[in-house]
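The block underneath contains the structure these notes are about, expressed in structure tokens.
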Amino acid sequence: MIEIDIINLSKNYAYSKKDENKTFEVYNDFNLSINKHEFVSIVGPSGCGKSTLLQMIAGLEKSYTGKINCSTNLDNKNLGYMFQTPRLMPWLTVLDNLLICASEESISKKSPQKFLEKFKLTDFSNVYPNRLSGGMRRKVSIARTFINNPDLILLDEPFTSIDQPVANALREDFILNAKESKVTLILVTHDLKEAIMFADRIVFLSPRPAKIIYEHQITLPRPRKLEDTHVFDEYKKIMSKFPNILEGKF
Amino acid sequence: MNKNTRDWHIRVLSLVFLILIWLVSSYFVNSRLFPQPMQVFQSLVFNIFEGTLISDCFITLSRALIAFFIAMILGSIIGISLGRFTKWDSFFDAWVILGLNIPALVVAIMCYIWLGMNDLALITGVVINKLPLVIINLREGTKAIDNSYIQVGRVYQLTKFQVLQKIILPQLYPYFLASTRSGLSLIWKIVLVFELLGRSSGVGFMLSVSFQMFDISAIIAYSIAFIFLVLLIEYLVVAPLERLSIRWRV
């Protein structure tokens, strides 16, 4: 069953706000289907429009042509979104950061408190984010992503700019929760090993205007770890077959 | 213990030193036009218990507070609107700069001529003087709002009221506070000028009467009493509000 169907998507950006007539194409007639409960990693060179794609799916970016059909009703707090930075409101405590995003149902089930307990953050519930380490902020951000038991999760390179051991632990935590929750997940990344660790399918994009240049099914057993041999073997297999794939060249 | 509390004895010593300089200078000048601290103190006590100092202070304070609240509310609405809508900002920018540079005295004279020698003219004139400063502060604050937090609000389907209350206003608090601070210190000085020019009550009027009688002790006594009132507002209202609104930064 298809969860997201992107049909004939075209998107242009203006070079500057002052002159909106001079534009460049980010997508031109782009198509992609994602199945229910599928984990898809989207890999492409920097600036090819990966983050823009997530923003269009989430409804944050609305100026495009084409269609994005989503079987999940995203108007009902059914979406989880992890941005490149945690984006916790610095003026709200950890608990308030979760409560503000939680649905009434989640609040009545005490989900914010349960997630804080799950991520061992209960002692920090009344602390402001600027008192937390980078890793802890990401944990709060993960808790926020799952707070409403979403059907669809969008991840925009959320584990970059933190040290590797912490990032690996967070990735493992994240995948465990995502599998438990039976979500559909789209991860945008330029890190192929991370893409392999998360995905059932990897979609490789070209430089803009982005086109799908290759799709790769991952059938490795779960749970996967970044340092696993079979993850590394899969990485080597793809890279030896398409050495320039990360630059968007097939 | 914060720096201000730790250095209280230095502050007291500084004040004592200032009074000492005053005492010594008045001793050497030895003129009725340069009263000694004790004479000013006697005038203060006399005007409090025998005169109208307390009622004059409250009349001036109430005028200043009414003008302050009107200027803050109007200035905030206009400033936020100009910050949000760039075309409005371009249109009204020259008006704001013009308003910023009109001398307070000119506004006072015009208001008294157009509206009559009454409190309405005084409050209107003070508001006109203060308004551009609030508008500029809030306009810049609105331009500096971090939209990435608003995107979080949109992903998690926050209502418009929640976005305003939990995301936009906390980012504007420092600008409100800056306007409050500069507003209070500016407004009470302008109110005195307006009272001196065209009212028959308040501290400004009494300063005018004392000036005509060359009663320098009364002028200083009235000034000290009113400065004390403004400092009370600063320490009992503004400073606690500031601590409350930026407690997350500590």
| query | Is it the case that the range A:164-187 has a residue that's within 14 Å of another protein chain (Cβ to nearest Cβ), within 24 Å of B:Val152 (Cα to Cα) and part of a helix (DSSP H, G or I)? | reply | no
| Would it be correct to say that A:Asn148 is part of a loop (DSSP other than H, G, I, E, B), under 22 Å from A:Leu54 (Cα atoms), within 13 Å of another protein chain (Cβ to nearest Cβ) and of a type in the set (S, T, N, Q)? | yes
| said: Go through (1) touching a Gly at 6+ places or on another chain (Cβ under 7 Å); (2) buried (at least 17 other Cβ atoms within 10 Å of the Cβ); (3) within 30 Å of B:Ile168 (Cβ to Cβ); (4) of a type outside the set (Gly, Ala, Ser) for B:Val127 and report which single condition fails. | reply: (1)
| request: Give the number of residues within the range A:25-72 that are more than 17 Å from A:Leu205 (Cα to Cα) and either in a strand (DSSP E or B) or of a type in the set (A, V, I, L, M, F, W, C) (or both). | output: 9
| said: Against the condition surrounded by 14 or more Cβ atoms within 10 Å (Cβ to Cβ) and within 25 Å of B:Glu234 (Cα to Cα), how does B:Ile78 come out, does it pass? | reply: no
| request: With respect to A:Met56, determine if the residue is under 19 Å from the mean Cα position of the chain (by Cα), away from every other protein chain (no Cβ under 12 Å) and not small (Gly, Ala, Ser). | output: yes
| Of the numbered conditions (1) under 30 Å from A:Glu25 (Cβ atoms); (2) surrounded by 14 or more Cβ atoms within 10 Å (Cβ to Cβ); (3) more than 10 Å from every other protein chain (Cβ to nearest Cβ), A:Val94 satisfies every one except a single condition; which is it? | (1)
| remark: Taking the range B:30-42 and keeping residues farther than 13 Å from B:Phe214 by Cβ and either surrounded by 16 or more Cβ atoms within 10 Å (Cβ to Cβ) or modelled with pLDDT of 90 or more (or both) leaves B:Gln36, B:Pro37, B:Met38, B:Gln39, B:Val40, B:Phe41, B:Gln42
| query | Which residue, of A:Glu20, A:Glu61, A:Glu105, A:Glu25, is under 22 Å from the mean Cα position of the chain (by Cα) and of a type in the set (Asp, Glu)? | reply | A:Glu61
| remark: Restricted to the range A:100-126 and to residues being within 10 Å of chain B (Cβ to nearest Cβ) and part of a helix (DSSP H, G or I), the residue surrounded by the fewest Cβ atoms within 10 Å (Cβ to Cβ) is A:Ile100
| note | Among helices (runs of 4 or more DSSP H) entirely inside the range B:145-219, those with 2 or more residues being at pLDDT below 95 and within 14 Å of another protein chain (Cβ to nearest Cβ) are B:147-155, B:169-198
| Which ones in the range A:223-238 are surrounded by 13 or more Cβ atoms within 10 Å (Cβ to Cβ), farther than 17 Å from A:Val203 by Cβ and touching a helix residue (DSSP H, G or I) at 6+ places or on another chain (Cβ under 7 Å)? | A:Arg224, A:Lys225, A:Leu226, A:Val231
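The values are calculated or read from the model by the stated rules, or taken from the named source; none is laboratory data. Treat the numbers as computed from the prediction; the structure is a model and nothing was measured. Note that we place each Cβ from the backbone using ideal geometry, even for glycine, and neighbour counts take in every protein chain shown.
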